Amino acid sequence: MMVNDFYKSTSWKRKRKKILRRDVYVCRESRRYGKTEPATTVHHIYPLEFYPELALEDWNLISLCEKQHNAMHDRVTHEITELGRQWQERVRPQFEEWMENNKRGDTQHS
Ligand SMILES: [Zn+2]
């Protein structure tokens, strides 16, 4: 499925609402610094483009405000920034457990 089509899908819209509810509509990154910012976006910690199979995993999704979401992606390349990689480290145990349960012999992701 194309990325744009995914974001239009009912399953994503439903999941997005669920994640925002889980995070009580507060930006998770701002919360780390004791700030309460309304969350407007749900971010894929392991990006949809490279990990489509993780698109709907709760542990791969966090609610963010727009400012913090922009900080997770490089403006030009759209790649995950250092800040975004910190979140990947934080969910590493879930990521590894998922990979263990869903072995894909083809590629290795580090
Ligand atoms: Zn994002």
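Charge tally for Trp87 (other residues, Cβ to Cβ under 12 Å; Lys, Arg +1; Asp, Glu -1): +2.
For the chain, the tally of Lys pairs with Cα-Cα distances below 23 Å comes to 10, considering only residues 8 or more apart or on different chains. Taking label positions 7 Å along the Cα-Cβ direction at both Glu79 and Arg22, the computed distance is 2.8 nm, reported to one decimal.
GNM on the chain, alpha-carbon springs under 10 angstrom: the most fluctuating residue among Glu97, Glu29, Glu79 is Glu97. For the stretch 24-101, the extents of the C-alpha atoms along the principal axes are 36, 30, 19 Å, listed from largest to smallest. Scaling the Cα radius of gyration of the stretch 1-68 by the globular reference 2.2 N^0.38 Å produces a ratio of 1.09.
Read the figures in this text as sums done on the coordinates, not as results from a lab. All values derive from a computational prediction rather than experimental measurement. Counting neighbours? That spans all protein chains shown, and the Cβs are built from the backbone with ideal geometry, glycine included.
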